[in-house]
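A.B. asks: Quick one: the structure is below, and I'll ask about it shortly.
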């Protein structure tokens with residue numbers, strides 16, 4: 001009986017233990033279903049941490065991350081915000097968070113790298129995570145790199 005109680009306590013603690021941000025090379029460069037679209041950033045919804053060893057916390061147990069943003073992704077919420085606890089922005093890309101809907105107001109710019117604690121301007125209780133999280137009423141994700149044309153010409 002004592003062993004069963006210990007296992008139950010360990011299982012509960014595992015849910016609340018902070019995750020660790022993965023190495024950037026673990027994030028795919030390309031969209032998994034659209035071969036001509038670059039992955040811009042990977043996002044974790046739960047509140048991050050100052051150090052990557054305790055950041056990148058998922059909302060849904062059993063997942064490695066919450067969401068991928070692709071080149072050209074943009075979204076705006078007229079009444080709420082998009083929770084962002086941690087971000088990993090891929091090389092050549094930038095994530096732009098806005099403190100107002102419709103891409104207005106101050107811009108929070110996140111360039112290439114691991115941002116284990118993102119302090120967005122809008123905070124509240126997430127309907128997904130059921131915990132207090134912060135984020136942005138609107139955002140855009142953009143990458144500089146583009147595909148090259150491989151249509152050969154004979155030089156005439």
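The values are calculated or read from the model by the stated rules, or taken from the named source; none is laboratory data. Just so you know, these numbers come straight off a predicted model, no measurement behind them. Positions of Cβ are backbone-derived with ideal geometry, glycine not excepted, and every protein chain shown enters the neighbour counts.
A.B. asks: Go through the residues of segment 113-129 one by one and say whether even a single one is at pLDDT 95 or above, farther than 17 Å from residue 23 by Cα and not in a loop (DSSP other than H, G, I, E, B).
C.D. replies: Taking every residue of segment 113-129 in turn, none turns out to be at pLDDT 95 or above, farther than 17 Å from residue 23 by Cα and not in a loop (DSSP other than H, G, I, E, B).
A.B. asks: Would you point out which residue out of 103, 95 is within 19 Å of residue 27 (Cβ to Cβ) and modelled with pLDDT of 90 or more?
C.D. replies: Details: 103 fails: within 19 Å of residue 27 (Cβ to Cβ).
On inspection, the qualifying residue turns out to be 95.
A.B. asks: Taking the condition over 11 Å from the mean Cα position of the chain (by Cα), surrounded by 12 or more Cβ atoms within 10 Å (Cβ to Cβ), at pLDDT 90 or above and more than 21 Å from residue 124 (Cβ to Cβ), does residue 40 pass? Step through it out loud before you land on a result.
C.D. replies: Numbers: over 11 Å from the mean Cα position of the chain (by Cα): no; surrounded by 12 or more Cβ atoms within 10 Å (Cβ to Cβ): yes; at pLDDT 90 or above: yes; more than 21 Å from residue 124 (Cβ to Cβ): yes.
The answer is no for residue 40.
A.B. asks: Within segment 77-107, can you find the residues that are more than 14 Å from the chain's Cα centre (by Cα) and in a strand (DSSP E or B)?
C.D. replies: 98, 99, 100, 104, 105, 106, 107
A.B. asks: For segment 9-31, which positions are within 16 Å of residue 53 (Cβ to Cβ), outside any helix (DSSP H, G or I) and either modelled with pLDDT of 85 or more or under 15 Å from the mean Cα position of the chain (by Cα) (or both)?
C.D. replies: Matches in segment 9-31: 19, 20, 21, 22, 23.
A.B. asks: Please go through segment 48-59 and pick out each residue that is surrounded by 12 or more Cβ atoms within 10 Å (Cβ to Cβ) and over 21 Å from residue 96 (Cβ atoms).
C.D. replies: Residues of segment 48-59 surrounded by 12 or more Cβ atoms within 10 Å (Cβ to Cβ): 48-49, 51-59.
Correct list: 49, 51, 52, 53, 54, 57, 58, 59.
A.B. asks: Sticking with this one: Working carefully through the options 48, 62, find the one that is farther than 13 Å from residue 139 by Cβ, part of a loop (DSSP other than H, G, I, E, B) and either touching a strand residue (DSSP E or B) at 6+ places or on another chain (Cβ under 6 Å) or modelled with pLDDT of 95 or more (or both).
C.D. replies: Values: 62 fails: either touching a strand residue (DSSP E or B) at 6+ places or on another chain (Cβ under 6 Å) or modelled with pLDDT of 95 or more (or both).
Criteria check complete, one pass: 48.
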